[in-house]
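Visitor: Handing you a structure now.
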Amino acid sequence: MAKMNLAKAVKDFWYGKPHTAEEGGRRLGDLYEDKTGLLKHREWRGVKDTFYYMYNIWGYNYVHMVLDILKYSNNPIDFLKGTLRYRWMGQTYLPVIHWFERGLQGMRGEALAASAWHYRAMVSASIHQICNFFNADTRLHGGKQNNAYKHTFYANETTCGTLFYPWMDAGYQYIPMEMIPYFVTCHVNSHTVLNYIDAVQSLGLPGDPCPMCQAESGLFVLDDVPDSAPLIITCNEACDASVSTHTLQDWFANKPLFALPLPMQFDDPLVKKYCMNEIEECWKFIEEQTGVPFSWESMKKRLERQNKLQRDEWEKWEVASKTDYYPINGVAQALFRIYSTQYGIQGDFWEEASEKVKKIMYKCVEKKINPFPQTRHRVIAWSCAPLYYSNWCTWAYNCWGLNVIINMDSLMFDMEIRTDSYENMLEDMATYHMWAPMRRMAVGGMHHIFELWDYMKRFNCDMVAMYDQLQCKGMQGVHGLFEDEFRKRNINAFWMPHALPDCRTVSRAEIRRQINDYMTTVMHEEPLDPSLLDFDDSMTW
Amino acid sequence: MKDLKHLIFFEKLLQEANNDLVKQGKADGNRAIGYTCYFMPEVLLDLPGCFSVRLRAPGCTSPDIATYYLSGRVCHYARSLLERALEGGYNFLDAQMGTETCTATCRFQEHIQQKHLDSVDDMRIIDNDDFFCTFTDIPFKNTENSYQHFETQLRAHVLEPLHEHFGIDISDETLLKTIEDHNEVCRLINEIGDYRKLDNPTITGYEFHVIQLVSLACPKYLILPYLRETAEEMKTREPDQKKNFRCKVVLAGSENDDPDFTKLVESCGALVVCDRFCYGAVESRIPIEVKEGQSPLRAIAEHYLKTSNCPRFMPQDEMRARKKRLADLAKEYHADGIIIASNKFCEYWSYERVIDTFILKRDYGIPVCSIEKEYINSASGQLRTRFQAFVESIEIKQIQEGN
């Protein structure tokens, strides 16, 4: 008996403990300090993966976070000043690695390596943006509008970066105003954003509009957006609240502003010409403001890189849909996709990560390695995800074997943009912008949101995780029809209530409880790791 | 003041969407065309052979089945419309001219639309074999590109379907004649409404709200004689000797088709002298002008974009001009303050209300009462308290200023 125990201990040490309870599992939930979400000690993933995590992920990323600052910042002192000036910066820079921990918990081998590369690219892109912010911020330069300021475009975060490619050869940068202060910080530290939501509500805004838009407005109310650009481009993605947010932002920012409205009924062939004209109007505005003409070469060069990235994604989706060898977990897949498409081609971090991930993926295909061997259900996640719990997919796999293969937001922007002529490019740009995140499925006719059934088939999924963003009027407006269709089609689907960035409305524990209830009472399944069923992480980042 | 001769009749017409005049319009062989938003030009739906009905759901306080479909977190107005549709209250409609101008009403209209798709079942909510629903894409700007786009959309998604389905004459000549008829309604409503500008107005906000609503909810050719008679009656109407209000206000904000809400405001001492809200008369009763050489459809497209004060308009100059327009209205109607009311869950007006509350007070010195309301809420004691406090604050301000 003792010999057997010793053999098991040696095996556990070398390979890490097995996943399931039946095999004497690893009980990841026992690692948590109550309430804090902090770990009592690091997870032992076996010799190879533990050291891989330590050196290739933990150490590598900390070192590169410093190197990236040196690479992208004009003056590292500005970075320090910005960290002290802006709440969203000071509260999120150090917990980044904990964000890695949450997303990569329990991952092994190829899944660990591939998912981490996606995270790495996002960190690098974030530092790139932060440095662009601080390089140009008049508040950090004694009110002076320096050269970086004059070469920066501001846009609201749902305006796609593709729009600004024509000026990048001339040294211009595009910064989505709220992407770092709001979107990225939500993932890293879920508490930071609450302050901004409260700020705008203190002006009298009711609590029911989309909390993402509330937070975006709150940043301006608290004067917590750097003053880094002389102009702003806004657009009407993705909803009524988003349009209204710009009205409020305009009053606070008080800069020349161009509104780029995109048609709602995008299936209608008659709207395309209108949309193309609007895009050209936007470019004209930029030309007038900067005095720098539109550059076709600059545009084309970056669009071709972007198209390559899109083809890479299609390759990944092909493997994900047809095999069990796709090595990227749900959260890494989703965040990489939405971040890279929205920010566009600035720097080479997306392409580098994509190449590395593809290499790992093809290794899995060739050697028939299943990176998620405990998969019980292939899940498609639909609607918009809780930003404060984007890593729920990691938990769901570890606890229940729910493997999130694809999600709705990843399927936006699902096209290449032709570069053979200006006319074709413009036509595709119109479609591309109308297919933006939270827009492609949510507007332009109810049938788009019910494309879920086609995507379930395409990605070979047998279960739906239905995000239930409580303050999204568009998605709330199809709630009953989804219920009807799930029943009629006999589809396994669970609802996940949440409030996008606001963890006070529905806690992470409540989200887990809803899934647990569904898995036990409807699916009659036992958890793979019972220690993860119930724990309190309310105070964690 | 002496009661208006047709007021009770008008009030009765507002008790249900399928009212007596709508029934008569249908019996005359006309098609009833529903719509919800100002951006759907009612004048196009009033072409000979059809008539416009701006949808309302009076008395719908508990939209239970609609709440299953739209959830309890979507605006009460959209839920009430769906509930009324599910009850069969809109089966008289022959078509719905949809707009994706706000998410909630868009979802309502998508529910009643027959989709003919594999992805989601048709609900056949409107039990009428002729019924169809089309959507028109509405621009967010006042630019040449927007006017062209809107004109194209109106032709493709309003005029042509009306012609194809019901054989409606959509020629320029007929459009011009319909614009004339529409403008007569506008002229009469404005004539009646202008009495609110008097020092001691001879019409209350409630009465005007009722009159404006019947002009939206009934066939124009049937309501016109009553409007003409009312306009005549107004010429000799005497005000009460003693003013029975304590201050005058502009009522602005989101969707409001409940005259009892106006009555509630007025019962607190604030006379509503101007109605700048969805379903109000400020924009919708500006006559349409067709310039020389301009096609009538183009004139209509321009008119509805130029006259709208919807917070949906995105350009910087539009966003800022809206505040000035509101301040100008207060001046024109000699109002002492502005009440900004947004429907609960209305995202556009939630934000607009916040900004208006600050800007109008700070930049124009106009007192503002900012409230959030439900679709049907005449019995709200809380609102009564808010309005009373607002009236008192205006009175105190006037005393302090020595007026």
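The values are calculated or read from the model by the stated rules, or taken from the named source; none is laboratory data. Since we're looking at a predicted model, the values are computed, not measured. Cβ: placed from backbone, ideal geometry, glycine included. Neighbour counts: every protein chain shown.
Visitor: Out of A:209, A:230, report the one residue that is assigned to a loop (DSSP other than H, G, I, E, B) and more than 10 Å from chain B (Cβ to nearest Cβ).
Guide: The unique qualifying residue is A:230.
Visitor: Next question. Look through B:34, B:25, B:29 and report the one residue that is in a helix (DSSP H, G or I) and closer than 30 Å to residue B:150 by Cα.
Guide: Residue meeting the stated conditions: B:25.
Visitor: Restricting attention to segment A:286-300, report how many residues are touching a residue at least 24 places away in the same chain (Cβ under 8 Å), farther than 16 Å from residue A:161 by Cα and in a helix (DSSP H, G or I).
Guide: First, the residues of segment A:286-300 that are touching a residue at least 24 places away in the same chain (Cβ under 8 Å): A:286, A:289-290, A:292, A:294-300.
Those still in the list that are farther than 16 Å from residue A:161 by Cα too: A:289-290, A:292, A:297.
Keeping just the survivors that are in a helix (DSSP H, G or I) gives A:289-290, A:297.
Selection size over segment A:286-300: 3.
Visitor: Say whether the condition of being in contact with a Phe, Trp or Tyr (Cβ under 8 Å, 6 or more places away or on another chain) and outside any helix (DSSP H, G or I) is met by at least one residue in segment A:111-120.
Guide: no
Visitor: Also, I was wondering about something else. Are there helices (runs of 4 or more DSSP H) fully within segment A:454-541 with at least 1 residues that are acidic (Asp, Glu), away from chain B (no Cβ under 13 Å) and closer than 30 Å to residue A:214 by Cα? List them.
Guide: The qualifying helices (runs of 4 or more DSSP H) are A:508-517.
Visitor: Taking the criterion of being in contact with a strand residue (DSSP E or B) (Cβ under 7 Å, 6 or more places away or on another chain) and closer than 21 Å to residue A:415 by Cβ, would at least one residue in segment A:473-494 satisfy it?
Guide: no
Visitor: Against the definition (at pLDDT below 95 and either touching a strand residue (DSSP E or B) at 6+ places or on another chain (Cβ under 6 Å) or more than 23 Å from residue A:403 (Cβ to Cβ) (or both)), how does residue A:497 come out, yes or no?
Guide: Values: at pLDDT below 95: no; either touching a strand residue (DSSP E or B) at 6+ places or on another chain (Cβ under 6 Å) or more than 23 Å from residue A:403 (Cβ to Cβ) (or both): yes.
No, not satisfied.
Visitor: Still on this structure: Output the residues belonging to segment A:234-252 that are under 26 Å from the mean Cα position of the chain (by Cα) and more than 8 Å from chain B (Cβ to nearest Cβ).
Guide: If the condition is that a residue be under 26 Å from the mean Cα position of the chain (by Cα) and more than 8 Å from chain B (Cβ to nearest Cβ), then A:235, A:237, A:238, A:242, A:249 are the ones that fit.
Visitor: Checking residue A:197 against (1) in contact with an Asp or Glu (Cβ under 9 Å, 6 or more places away or on another chain); (2) away from every other protein chain (no Cβ under 14 Å), which single condition isn't satisfied?
Guide: Result: residue A:197 passes all but (2).
Visitor: May I pose another question? Name the one entry in B:101, B:136 that is in contact with a Ser or Thr (Cβ under 7 Å, 6 or more places away or on another chain), buried (at least 17 other Cβ atoms within 10 Å of the Cβ), facing chain A (nearest Cβ under 9 Å) and within 30 Å of residue A:242 (Cα to Cα). Walk me through it before giving the result.
Guide: On the way: B:101 fails: in contact with a Ser or Thr (Cβ under 7 Å, 6 or more places away or on another chain).
Answer to the selection: B:136.
Visitor: Same structure, new question: Only one of (1) in contact with an Asp or Glu (Cβ under 7 Å, 6 or more places away or on another chain); (2) closer than 15 Å to residue B:34 by Cβ is not met by residue B:116, so which one is it?
Guide: (2)
Visitor: Right, another one. When the residues of segment B:48-78 are narrowed to those that are more than 14 Å from chain A (Cβ to nearest Cβ) and in contact with a strand residue (DSSP E or B) (Cβ under 9 Å, 6 or more places away or on another chain), which ends up farthest from residue B:183 (Cα to Cα)?
Guide: Looking at residues that are more than 14 Å from chain A (Cβ to nearest Cβ) and in contact with a strand residue (DSSP E or B) (Cβ under 9 Å, 6 or more places away or on another chain), I get B:55.
Visitor: I would also like to ask the following. Any residue at all in segment A:411-423 that's crowded, with 17+ Cβ neighbours inside 10 Å and part of a helix (DSSP H, G or I)?
Guide: yes
Visitor: Failed condition for residue A:256, given (1) within 30 Å of residue A:211 (Cβ to Cβ); (2) surrounded by 18 or more Cβ atoms within 10 Å (Cβ to Cβ); (3) not acidic (Asp, Glu), with all others met?
Guide: Status for residue A:256: all satisfied but (2).
Visitor: For the list (1) farther than 24 Å from residue A:263 by Cβ; (2) assigned to a loop (DSSP other than H, G, I, E, B); (3) over 15 Å from the mean Cα position of the chain (by Cα), I need the number of the one condition that residue B:58 fails.
Guide: (3)
Visitor: Is it true that some residue in segment A:311-324 is more than 20 Å from residue A:437 (Cβ to Cβ) and buried (at least 21 other Cβ atoms within 10 Å of the Cβ)?
Guide: No - not one qualifying residue is present in segment A:311-324.
Visitor: While we're on this one: It is to be established whether one or more residues within segment A:326-346 are over 21 Å from the mean Cα position of the chain (by Cα) and among the charged types (D, E, K, R).
Guide: no
Visitor: Here's a follow-up. Picking from B:284, B:295, B:254, which residue would you name as being surrounded by fewer than 21 Cβ atoms within 10 Å (Cβ to Cβ) and either of a type in the set (Gly, Ala, Ser) or closer than 30 Å to residue A:156 by Cα (or both)?
Guide: On the way: B:284 fails: surrounded by fewer than 21 Cβ atoms within 10 Å (Cβ to Cβ); B:254 fails: surrounded by fewer than 21 Cβ atoms within 10 Å (Cβ to Cβ).
Step by step, each of B:284, B:295, B:254 is checked, and only B:295 is surrounded by fewer than 21 Cβ atoms within 10 Å (Cβ to Cβ) and either of a type in the set (Gly, Ala, Ser) or closer than 30 Å to residue A:156 by Cα (or both).
Visitor: Is it the case that some residue within segment B:172-192 is away from chain A (no Cβ under 14 Å), farther than 30 Å from residue A:486 by Cβ and in contact with a strand residue (DSSP E or B) (Cβ under 6 Å, 6 or more places away or on another chain)?
Guide: Filtering segment B:172-192 for residues away from chain A (no Cβ under 14 Å) gives B:172-192.
Checking the rest, the ones that are also farther than 30 Å from residue A:486 by Cβ come to B:172-192.
Subset that is in contact with a strand residue (DSSP E or B) (Cβ under 6 Å, 6 or more places away or on another chain): none.
No, segment B:172-192 contains no residue that is away from chain A (no Cβ under 14 Å), farther than 30 Å from residue A:486 by Cβ and in contact with a strand residue (DSSP E or B) (Cβ under 6 Å, 6 or more places away or on another chain).
Visitor: As an exercise: evaluate residue B:361 against (1) over 15 Å from residue A:204 (Cα atoms); (2) without any contact (Cβ under 8 Å) to a residue 40 or more places away in the chain; (3) surrounded by fewer than 18 Cβ atoms within 10 Å (Cβ to Cβ) and give the number of the one condition it does not meet.
Guide: (1)
Visitor: Here is a list: B:382, B:398. Which entry is free of Cβ contacts under 8 Å to residues at least 24 places away in the same chain, out of contact with any Lys or Arg (no Cβ under 6 Å at 6 or more places or on another chain) and either part of a helix (DSSP H, G or I) or among the basic types (Lys, Arg) (or both)?
Guide: When all the criteria are applied, what remains is B:382.
Visitor: Could you list, in sequence order, all residues of segment A:336-384 that are among the aliphatic types (A, V, I, L, M), at pLDDT below 95 and assigned to a helix (DSSP H, G or I)?
Guide: Residues of segment A:336-384 that are among the aliphatic types (A, V, I, L, M), as a first pass: A:338, A:345, A:353, A:357, A:360-361, A:365, A:369, A:379-381.
Going one step further and asking which of them are at pLDDT below 95, we end up with A:338, A:345.
A:338, the sole residue that qualifies.
Visitor: Pairs please, first residue from segment B:1-29 and at pLDDT 95 or above, second anywhere and of a type in the set (Gly, Ala, Ser) and not in a loop (DSSP other than H, G, I, E, B), Cβ atoms under 8 Å, 6+ apart in sequence or on different chains.
Guide: Note: pairs meeting the criteria are B:13/B:217; B:14/B:217; B:17/B:217; B:19/B:217; B:22/B:32; B:22/B:217; B:25/B:32; B:26/B:32.
Visitor: Further question: Could you give me the residue pairs with C-beta distances under 6 Å whose first residue belongs to segment A:105-119 and is within 11 Å of residue A:45 (Cβ to Cβ), whose second residue is of a type in the set (Val, Ile, Thr) wherever it lies, and which are 6+ apart or on separate chains?
Guide: Partner pairs satisfying both residue conditions: A:105/A:394.
Visitor: Which is more than 10 Å from chain A (Cβ to nearest Cβ), within 24 Å of the chain's Cα centre (by Cα), under 20 Å from residue B:101 (Cβ atoms) and part of a helix (DSSP H, G or I), of B:331, B:306, B:324?
Guide: Going through B:331, B:306, B:324 in turn, the sole match is B:306.
Visitor: Of the residues B:362, B:353, which is within 20 Å of the chain's Cα centre (by Cα) and assigned to a helix (DSSP H, G or I)? I'd like the intermediate steps shown before the answer.
Guide: Working: B:362 fails: within 20 Å of the chain's Cα centre (by Cα).
After applying the criteria, what remains is B:353.
Visitor: Could you tell me whether segment B:79-91 includes any residue that is at pLDDT 95 or above, facing another protein chain (nearest Cβ under 9 Å) and under 20 Å from residue A:207 (Cα atoms)?
Guide: The answer is no; no qualifying residue exists.
Visitor: Here's something else I'd like to know. Does residue B:317 satisfy the criteria of being in contact with a strand residue (DSSP E or B) (Cβ under 7 Å, 6 or more places away or on another chain), part of a helix (DSSP H, G or I) and within 12 Å of chain A (Cβ to nearest Cβ)?
Guide: Answer is no for this residue.
Visitor: Taking residue A:211 as the residue in question, decide whether it is of a type outside the set (A, V, I, L, M) and surrounded by fewer than 22 Cβ atoms within 10 Å (Cβ to Cβ).
Guide: no
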